[in-house]
Amino acid sequence: MVPNTSNITLKIGVIFLSIVEFLILSIYRTTMDNYTSSVMWMVMGISVALFSLILIRKDKNLPQIVAPVQLRINRELLVMIFVVGAAMAVLQLQTVFEAYTINPNGTGGDIVPCIYFYVNRFLDGEVVYQVMQFKSWKVYSTYLPFTWLPFIPAEVFNFDYRWIPLIYFLLVIFFLYRQLLKNEGNTIAVLIKGIIPFFFLNHLIWKNEIIFGYSVELVAVSHYFVLCFSLLHRKKWIIALGLLLCLLSRYTITLWMPVYLLLYWFQFGFKPAFRIGVYVIIGILVVFVIPFLSQNWEAYFKGLENYSHAIDTLWQPAHWQAPDAIPYYLKQGMTLGIYFYDFIEGDFSQKLAACKMAHFIVSCLTALGILMYYLRNKMTNEQFRKYLLYTLKLYLVVFYAFFYAPFTYMYMVPIFLSIPVIYSINFQQRSF
């Protein structure tokens with residue numbers, strides 16, 4: 001059967017746009033002006049999602065028989081890529097960790113020292129969510145459980161916390177590879193798809209080592225990969241687990257999740273959607289509210305107030321900048337907040353308020369648009385599951401494009417989410 005050339009073009013387009021989107025984060029945001037790079041990143045990310053959504057209707061994914069020898073070649077190819085890619089990451093990170101020493105007093109980077117507080121309090125049986133006192137400052141606890149729980153093995157076995165993100169990421173890539181072997185028979189596609197995760201990882205370490213020296217964002221990326229797996233799964237508890245990992249690490253999908261449950265209700269009925277919702281609520285109670293939040297309600301909500309004040313500082317020039325300079329985090333080339341800072345009249349608080357309002361409105365409109373499009377287009381169950389994945393990518397791009405706390409490392413989540421999208425698009429499907 002002759003492949004549909006328009007479908008192949010779209011599939012290649014998804015891969016190309018994903019790579020361009022990634023390179024904006026890795027290198028081009030520092031070579032383009034702040035206004036251009038932030039818009040370009042958003043356009044690339046939205047285009048990845050839209051191209052993928054078009055493929056839902058156009059691509060029939062007709063199965064083809066693949067010879068066992070071809071499957072063996074694909075498997076050996078992925079093993080080689082995995083070993084080489086992981087080894088490159090380990091060697092690079094070893095150098096990065098030696099260059100970026102984590103100070104317990106929180107200077108330089110406070111993410112890992114804060115996680116250290118959470119983990120040690122938990123292991124020592126202390127109240128986890130209470131004020132954290134550093135040498136010259138203090139902060140109330142705001143990290144949700146799945147931000148710090150994955151680091152317990154590092155404390156138990158006494159190794160650098162910053163290895164945990166890589167270990168977690170390699171585990172999810174291993175499962176991605178397993179799915180790739182099941183769903184993709186085209187060896188060239190297997191080669192390209194196999195390389196992409198390690199290209200993203202190693203290139204970002206090479207060009208932005210400070211992200212890996214002071215942050216642990218690969219944990220959040222891996223959580224979202226698990227969410228992507230769960231969206232394509234049928235078991236309700238697995239779906240709930242994917243949602244919980246993301247909800248209890250960051251609030252990003254709070255506006256998306258109600259739409260997801262509604263979509264699931266409309267596609268599969270009320271009962272399965274209700275079960276997922278119940279599992280999620282039980283998970284929140286068991287993992288967060290009962291063991292942690294109930295111990296000290298006040299400290300956590302004081303932490304949220306402190307976080308709000310911290311955002312205020314992001315919209316003001318740093319102490320080492322000129323008083324009239326553009327705040328450091330707004331000129332990193334990823335956030336549309338730069339437009340609000342430069343073109344909204346008033347002081348920084350009024351500019352920030354306008355950005356927050358725009359962020360909320362566009363996030364809500366995106367979630368509503370996802371719902372409305374579904375209601376106007378009938379889908380098979382397979383198409384529906386892919387629709388959830390691609391619209392999650394769309395939602396996260398819009399969410400982070402307008403995000404008002406634009407730490408550069410956070411943009412790894414929406415950009416790396418292109419990887420599961422690419423893996424869900426098959427150039428050739430095998431069957432037995």
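Values quoted throughout were computed directly from the atomic coordinates according to the rules given, and no laboratory measurement underlies them. These numbers come from a predicted model, not from an experiment. All Cβ positions, even for glycine, are placed from backbone atoms using ideal geometry, and neighbour counts span all protein chains on display.
Relative contact order for the chain: what is it in percent, counting Cα pairs under 8 Å that are at least 6 residues apart? Spell out each step's value before the answer.
Working: 545 pairs, mean separation 118.9, N = 432.
Computed value for the chain: 28 percent relative contact order.
Computed packing ranks the peptides 396-404, 343-351, 287-295 as 396-404, 287-295, 343-351, most packed first, by mean other Cβ atoms within 10 Å. Pairs over the 30 Å Cα-Cα cut-off, from the set LYS302/LYS386; LYS236/LYS393; LYS58/LYS207; LYS302/LYS356; LYS356/LYS378; LYS138/LYS331: LYS302/LYS386; LYS58/LYS207; LYS356/LYS378.
The angle separating the long axis of helix 297-314 from the principal Cα axis of greatest extent in the chain is about 90 degrees.
Each peptide in 297-307, 212-222 was scored by the mean count of other Cβ atoms within 10 Å over its residues; highest first, the order is 212-222, 297-307.
Within the chain, the ratio Rg/Rh, alpha carbon atoms throughout and Rh by Kirkwood, equals 0.96. Under the convention that each Lys and Arg Cβ holds +1 and each Asp and Glu Cβ holds -1, the size of the dipole of the stretch 5-430 around its Cα centre is about 1960 debye. In degrees between 0 and 90, to the nearest 10, how far off the longest principal axis of the chain does helix 163-183 point, with axes built from Cα atoms? Approximately 20 degrees, to the nearest ten. One decimal place: the segment LEU171-ASN183 gains 2.4 nm when fully extended, by the rule 0.36 nm per residue minus the C-alpha distance. Just check the stretch 204-339 against the gyration tensor rule for me: Cα atoms, a ≥ b ≥ c as the square roots of the eigenvalues, rounded for a/c under 1.5, and otherwise prolate or oblate depending on whether a/b exceeds b/c. Prolate, because a/c is 1.5 or more and a/b exceeds b/c.
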